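Colleague: The structure follows.
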Number of protein chains: 2
Amino acid sequence: MIVFDMNETTLDLAPVRAAVDSVAPDAGGFTVFFQKLLQLSMSVSTTGMDFVAFSSLARHAFDAVVAAAGRRASDDEWAQVAEGFGQLEAYPDVVGGLERLRAAGHQTMALTNSEQAGVEAQCESAGLTHLFDHIVSVEAVSTYKPGPAPYLHAAQIAGVSPDRMWMVACHDWDLAGARAVGLNTAFIARPKMSYAPTYPAADLHVNDFGALADHLT
Amino acid sequence: MIVFDMNETTLDLAPVRAAVDSVAPDAGGFTVFFQKLLQLSMSVSTTGMDFVAFSSLARHAFDAVVAAAGRRASDDEWAQVAEGFGQLEAYPDVVGGLERLRAAGHQTMALTNSEQAGVEAQCESAGLTHLFDHIVSVEAVSTYKPGPAPYLHAAQIAGVSPDRMWMVACHDWDLAGARAVGLNTAFIARPKMSYAPTYPAADLHVNDFGALADHLT
């Protein structure tokens, strides 16, 4: 079983980037927004708060970025960002890589911090639905990656032990969480992404899904 | 007992901001660096990794920001950032506010994710050492804020129950962690900082230490 992160790893966030940068270009824009979103999701786990839906966290992160630019975000501006999440295209290497991995007998799963309805819509829009055996949101376990529950939930769905699974992501923190509960890990070097030596090394470092298929088929 | 966050809340990170922005101005610079540093510290808790020193996390965050700008950070460039952390000045309202709070009988504590040696040097350099009854690093409990251990450690040092304490910070996530274990919370609205509605509301929202003293004396 090969488990794929979606946002930034499989799906190019360009439409979200454009929407955020158009509102808050000087405050670090999209990069700060996505980091703030991650910060909020991690805080929910770290402080023991009740689970908050990803789309709510995303709105709060957007509001914070626009506030840092000295303005107040309007509902229309937020709507553009939210629409962006529904219009993502897969990176050009994704479909071919997934097809090769599946042809070689691998099962595949999407595992995302986004909500279930959101990721299903994303897969439909990007033409990826038929390329995953399972499309899974962390909503099912009310815990965000990189906490242990989402990866263990994935293993339970797959019906295999974590050490027979691969987690594939362009986020070092996601792979660190997967590794902590025993999965093998593959880092996809999407633009501007690096792997912090804070974390245990990933088993594979590759540039795209094609190179991943070269290694795993 | 009033507990104060140091970096960004009490100490102006301007020298660190200048050092990071001079190396990576286009990648979001300092803002992205500081968020990445927070991300790393939260990941250590969330994934159950062994504790990694704050200065190591800061180096890794800096390397990631420079890598996102398409370069590799040199040791000299990092040295400028590290030196910056040792040259911070208190915001103009800090000394007066702390003096008023202490004159009114409050005990005071610095509680920081930075290392013990680092925060002691920062307090000396900024002329704040005599204004704190305790200067405490999370190193003592090998857990970063906003995990529960640092705040509980602060309560133990203070010898009072958490509900008799205040946590003061310009970071919503820090106050959320303090609130989760029972402290009262005061948000200081430093430049570009907002309070995400993801978190339980803070008990006080004030613009600076002077306004804090107005409320607590």
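Colleague: Which one is farthest from the chain's Cα centre (by Cα) among residues in the stretch B:130-147 that are crowded, with 20+ Cβ neighbours inside 10 Å and in a helix (DSSP H, G or I)?
Modeller: B:131
Residue-by-condition table, conditions (1) β-branched (Val, Ile, Thr); (2) over 23 Å from residue B:50 (Cα atoms):
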| site | (1), (2) |
| --- | --- |
| A:115 | no, yes |
| A:118 | no, yes |
| A:129 | yes, yes |
| A:201 | no, no |
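Colleague: Can you tell me which residues in the stretch B:161-176 are assigned to a loop (DSSP other than H, G, I, E, B) and within 15 Å of the chain's Cα centre (by Cα)?
Modeller: B:170, B:171
Colleague: Let me ask another. Of the numbered conditions (1) among the β-branched types (Val, Ile, Thr); (2) over 15 Å from the mean Cα position of the chain (by Cα); (3) more than 14 Å from every other protein chain (Cβ to nearest Cβ), residue A:94 satisfies every one except a single condition; which is it?
Modeller: The single condition residue A:94 does not satisfy is (2).
Colleague: Out of curiosity, is residue A:105 at pLDDT 95 or above and on the phi > 0 side of the Ramachandran plot?
Modeller: The answer is yes for residue A:105.
Colleague: Out of the stretch A:170-197, which residues are crowded, with 22+ Cβ neighbours inside 10 Å and among the β-branched types (Val, Ile, Thr)?
Modeller: A:185, A:188
Colleague: Please go through the stretch B:57-72 and give me each residue that is at the interface with chain A (Cβ under 7 Å from one of its Cβ atoms), free of Cβ contacts under 8 Å to residues at least 24 places away in the same chain and among the small types (Gly, Ala, Ser), ordered by number.
Modeller: B:67
Colleague: Could you say which residue among B:179, B:102 is under 21 Å from residue B:217 (Cβ atoms), in a helix (DSSP H, G or I) and of a type outside the set (Val, Ile, Thr)?
Modeller: Going through B:179, B:102 in turn, just one is under 21 Å from residue B:217 (Cβ atoms), in a helix (DSSP H, G or I) and of a type outside the set (Val, Ile, Thr): B:102.
Colleague: Here is a further query. Can you pull out every residue in the stretch B:95-120 that is in contact (Cβ under 8 Å) with a residue 60 or more places away in the chain and touching a Gly at 6+ places or on another chain (Cβ under 9 Å)?
Modeller: Those that are in contact (Cβ under 8 Å) with a residue 60 or more places away in the chain and touching a Gly at 6+ places or on another chain (Cβ under 9 Å): B:96, B:97, B:100, B:112, B:118.
Colleague: Please work out which residue is nearest to the other protein chains (Cβ to nearest Cβ), limiting yourself to the stretch A:73-91 and to residues that are more than 15 Å from residue A:21 (Cα to Cα) and out of contact with any Pro (no Cβ under 9 Å at 6 or more places or on another chain).
Modeller: Across the stretch A:73-91, the extreme among qualifying residues is A:75.
Colleague: Being more than 25 Å from residue A:140 (Cα to Cα) and not aliphatic (A, V, I, L, M) is the requirement here; does residue A:5 meet it?
Modeller: No: the conditions fail for residue A:5.
Colleague: Find the residue count for the stretch A:32-44, including only residues that are in contact with a Phe, Trp or Tyr (Cβ under 6 Å, 6 or more places away or on another chain) and within 7 Å of another protein chain (Cβ to nearest Cβ).
Modeller: The qualifying residues number 1.
Colleague: Return the pair list, or none, for Cβ contacts closer than 8 Å from residues in the stretch A:73-88 that are in a helix (DSSP H, G or I) to residues that are among the acidic types (Asp, Glu), at least 6 apart or on different chains.
Modeller: Cβ pairs passing all conditions: A:78/A:63.
Colleague: Here's something else I'd like to know. Filtering the stretch A:31-49 down to residues that are in contact (Cβ under 8 Å) with a residue 12 or more places away in the chain and more than 15 Å from the chain's Cα centre (by Cα), which residue is surrounded by the fewest Cβ atoms within 10 Å (Cβ to Cβ)?
Modeller: Here the answer is A:45.
Colleague: Sticking with this one: Going by what's in this entry, would residue A:185 be described as of a type in the set (Ser, Thr, Tyr) and assigned to a strand (DSSP E or B)?
Modeller: yes
Colleague: Related question: Looking at the stretch A:177-196, is at least one residue farther than 30 Å from residue B:52 by Cα, more than 14 Å from chain B (Cβ to nearest Cβ) and out of contact with any Pro (no Cβ under 9 Å at 6 or more places or on another chain)?
Modeller: No: zero hits.
Colleague: Right, something else. Any residue that is part of a loop (DSSP other than H, G, I, E, B), at pLDDT 95 or above and under 18 Å from the mean Cα position of the chain (by Cα) - is there at least one of those in the stretch A:204-211?
Modeller: yes
The values are calculated or read from the model by the stated rules, or taken from the named source; none is laboratory data. The model shown is predicted, which means the values in this text are computed figures rather than measured ones. Note that each Cβ is placed from the backbone with ideal geometry, even for glycine, and that neighbours are counted across all protein chains shown.
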